[in-house]
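Just so it is clear, none of the values below were taken in a lab; they were calculated from the coordinates. Predicted model only: the values in this text are computed from it and were never measured. Backbone-built Cβ (ideal geometry, glycine too); neighbour counts: all protein chains shown.
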């Protein structure tokens, strides 16, 4: 039988990652709101195997938060006492073993309530504890109040449409509560006088009915959403899978991460790992764009730390506008494509400014990082971007590392891959300069006897034709042979050796080839007869 309750409020501390530990620090702040009215203490509970020093994973790399560092931080953030519970079986963070250990100490000490940060592990341990102790459990709490010596907890219900106020039916037993950590902010008490209590458990035997199959540190890929500087979130208001695809395209244009509320996840438009809110991830970007989200508390609890929130919803009375810094009343189906198009133009204009104004400053201005971010936001590999822009993967790698600066034609092909009309971001002077370069190259070719123009007066046309003659055993003398655009070669007579970059192609009469004109290319006649080729040039 449990002893009569004291007025202490306990907080379970999760040391598996820094992110989870930080959430527990927020819960310590929540605990202070309860401990104050009761006149009790805030106790931080750290369950460990008793081994000193930082933990490491299977690969020998640091894993989790060091116990000593956690003790110091918990004290500075408001814990009056830190209780270290030790047993060798606690080396593995198993919910059933942690709950068994925790319940033993709860039975001895009888705190008023035990709080857990809302996470998968926190939910599981709290449920185990409540069942084993035959006690009450309040889930997903976002606020507390003490009324007549009773804990009153505010919890969103019915999809966030209402806020339920819950209490424990039996106030003579220790209660258990899972807390939405981002509903609270960590304190900084600057004190360092927390009392340390160590409890060593005995005869704690983990159940053999459970077997750990594998364990791995959370992949950095999964942390992209939480650490992103820009996030675009889609909700039920986008209505269809195609509507949510528009959210993805906008995020790609902005170089942002994609998130979602519960309805798109349930409809399988996006993985559950991208769920934002109390039961998902919490984000704190500099800019968050919320599209078609109603603004339910379960969702907004995960975005409240964003610096700027822009909301788009066709309902002017949607609750999301109460949270947003900027609200736009519009149908996402109509507005999102327009915003996406405009952002792409701005991004391309920014890149064009760096290349066209002063190429020598492009690397210093982070041109390569911007190209890399743009590529990654579209989930393109280096090879895919190279294929889209007619470059080699090695060239793209050099661009991103700021070891080489691409030509304007690279931007033209990049804009084509993004579906952006170059005319929307190139200035009139830049367009005129491209036309002037095209005309000069055309005139230069037509003056050379190796070239016979098939499109007279075509210096300003995008598509032009030439007949090229190469004498026996001779290499073709190129005239502006490395230029913007695409090139098609058809061998009319003889044979042709074409070198593209570091690859050599052999073409016979009647054979043809297409390639990117900016790829270094050389033409040679290795035969004993004259070679004549039809060459069609397309320049943007």
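Here are a few things to note about the model shown:
- Contour excess over end-to-end distance, with Cα ends at residue 208 and residue 193 and 0.36 nm allotted per residue: 1.3 nm
- Residues 10, 158, arranged from fewest to most other Cβ atoms within 10 angstrom of their Cβ, appear as 158, 10.
- Area projected by the alpha carbon convex hull of the range 221-330, averaged over all directions, nm²: 5.8
- With a simple spin-label model that places each label point 7 Å from the Cα along the Cα-to-Cβ direction, the separation between residue 72 and residue 401 comes to 3.9 nm.
- Computed on the Cα atoms alone, the convex hull of the range 9-200 gives a volume of 119 cubic angstrom per residue.
- Ordered by the count of other Cβ atoms within 10 Å of each Cβ, fewest first, 309, 382, 125, 320 give 382, 309, 320, 125.
- Shown is the FRET efficiency for residue 471 and residue 224, computed with R0 = 60 Å from the Cβ-Cβ distance and rounded to the nearest 0.05: 0.55.
- Gain on full stretching of the segment that runs from residue 512 to residue 49 - 0.36 nm per residue minus C-alpha separation: 159.5 nm
- Across the range 233-347, C-alpha contacts under 8 Å between residues 6 or more apart give a mean separation that, scaled by the residue count, equals a relative contact order of 26 percent.
- From least to most packed, judged by other beta carbons within 10 angstrom and beginning with the fewest, 107, 182 follow the order 107, 182.
- Eigen-decomposition of the gyration tensor built on the alpha-carbon atoms of the range 141-267 gives equivalent ellipsoid semi-axes of 37, 25, 20 angstrom, largest listed first.
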